[in-house]
Amino acid sequence: MTAARWRVGPSDGPTVADILERMGGASRGLAGAAAEGRAFLNARRARPDDAVVPGDELAVWPARRDAPGAPPVEVLARWGEILVASKPAALPTMPERRGTRSLVTEVAELLGLPAPPHAASRLDVGVSGAVLCATGPRGQRHLAAMREAGRVARVYVGVAGGRVEGAGTWDAPIGAARARGGRSLPAVGGAGAKEASTRYRAIASAGGGAAVATLLRLDPVTGRMHQLRVHAAHAGAPLLGDRDHGGARSVTTARGRVLPLPRIALHALRVAVPDEGGAERTALAPVPDELRDLWAALDGDGSAWEEVLTTPEAALLPGAPAGIR
């Protein structure tokens, strides 16, 4: 899925709505993009009346059903009042305003539920993968108890810009820091910083020169907002496409091809949690084609994706080689 992009010029108009009209309006399915949460001004979700200035960039994601080849929402597993759904990168986990389509509203429509399920965790817009949900109060209480007991296990896979070696733990505390434009984003050592821990392992490297990249397995121990993204950036290897935390907007391959990065190169690959009887339930969300294609374009070994899940968890424990910090 690729976003349409527009660089604002001196005479393009004062608001996001004006830029959308210039980009094609209803004829290209863009007229309602801001209201539907598909328009981003300088990587921040935009409203129709948001002001723009020359040099700003407006990116518009296609509507999921209007995008040929766009991955659909899927229910990967379901037992009792618990389910695991696969979220496409462009879709928010929860509605961000009245009427906004989201993973939970799509799941409710897909399964004919009377109300959207409760998401036990959220994936950011730009991140894809498995999301654990509860369809009723009993399931919600169970997931809350399992999370409190540390019994919910997640495995992520990401493509970082830069070279990371070995395995270890990133444990810098995370709080909130002021960002450009007045936004408050999670950051290492920010206001109200709390303990955070991420186990990581470098699976393979690809590319060369300025385009070197590393395929990472990431196991969050804690669950702070943007934790994996913040820790990777603090380690000197921000995830590709993660503009909020210093990730590249594009990469240039060894053959000179420039690849735009319309999403964050992070995917929630697997989630595991005990059911009410104590049996572990596991769901796997296949790696999206756009991430496999990015890795292949960087001349990465395609078999590395499968190595992520065959890496023993013991190899990710503290005391392994520290990699870059």
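The values are calculated or read from the model by the stated rules, or taken from the named source; none is laboratory data. Treat the numbers as computed from the prediction; the structure is a model and nothing was measured. FYI the Cβ positions are ideal-geometry reconstructions off the backbone, even for glycines, and counts take in every protein chain you see. Note: areas computed on protein heavy atoms with side chains; ligands, DNA, RNA excluded. Shrake-Rupley method; radii C 1.70, N 1.55, O 1.52, S 1.80 Å.
A compact table of results
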| read-out | value |
| --- | --- |
| Unmet criterion (only one of (1) under 15 Å from Tyr156 (Cβ atoms); (2) open to solvent by less than 30 Å² (accessible area, probe 1.4 Å)) for Arg270 | (2) |
| Evaluation of Gly278 against (1) at pLDDT 90 or above; (2) closer than 21 Å to Thr169 by Cα; (3) in a loop (DSSP other than H, G, I, E, B) (one fails), failing number | (2) |
| Residue check, Ala26 at pLDDT below 85 and surrounded by fewer than 15 Cβ atoms within 10 Å (Cβ to Cβ) | yes |
| Segment 181-204 - residue that is in contact (Cβ under 8 Å) with a residue 60 or more places away in the chain and within 21 Å of the chain's Cα centre (by Cα) and, of those, nearest to His245 (Cα to Cα) | Leu185 |
| Residues satisfying the stated conditions in segment 171-180, i.e. over 19 Å from the mean Cα position of the chain (by Cα), closer than 30 Å to Leu309 by Cβ and of a type outside the set (D, E, K, R) | Ala172, Pro173 |
| In segment 95-109, the residues that are modelled with pLDDT of 90 or more and either of a type in the set (Lys, Arg) or touching a strand residue (DSSP E or B) at 6+ places or on another chain (Cβ under 7 Å) (or both) | Leu103, Val104, Val107 |
| Set Val273, Val251: member being under 18 Å from Lys87 (Cβ atoms) and touching a helix residue (DSSP H, G or I) at 6+ places or on another chain (Cβ under 6 Å) | Val273 |
| Subset tally (residues that are farther than 22 Å from Thr93 by Cβ, open to solvent by 40 Å² or more (accessible area, probe 1.4 Å) and not in a loop (DSSP other than H, G, I, E, B)) for segment 203-255 | 6 |
| Strands (runs of 3 or more DSSP E) enclosed by segment 116-202 - at least 2 residues per element that are out of contact with any Lys or Arg (no Cβ under 9 Å at 6 or more places or on another chain) and surrounded by 23 or more Cβ atoms within 10 Å (Cβ to Cβ) | 153-161 |
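Residue by residue, here is whether (1) closer than 19 Å to Ser197 by Cβ; (2) touching a residue at least 12 places away in the same chain (Cβ under 8 Å) holds:
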| position | (1), (2) |
| --- | --- |
| Met94 | no, yes |
| Glu106 | no, yes |
| Pro114 | no, no |
| Arg138 | no, yes |
| Arg141 | no, no |
| Ala149 | yes, no |
| Glu165 | no, yes |
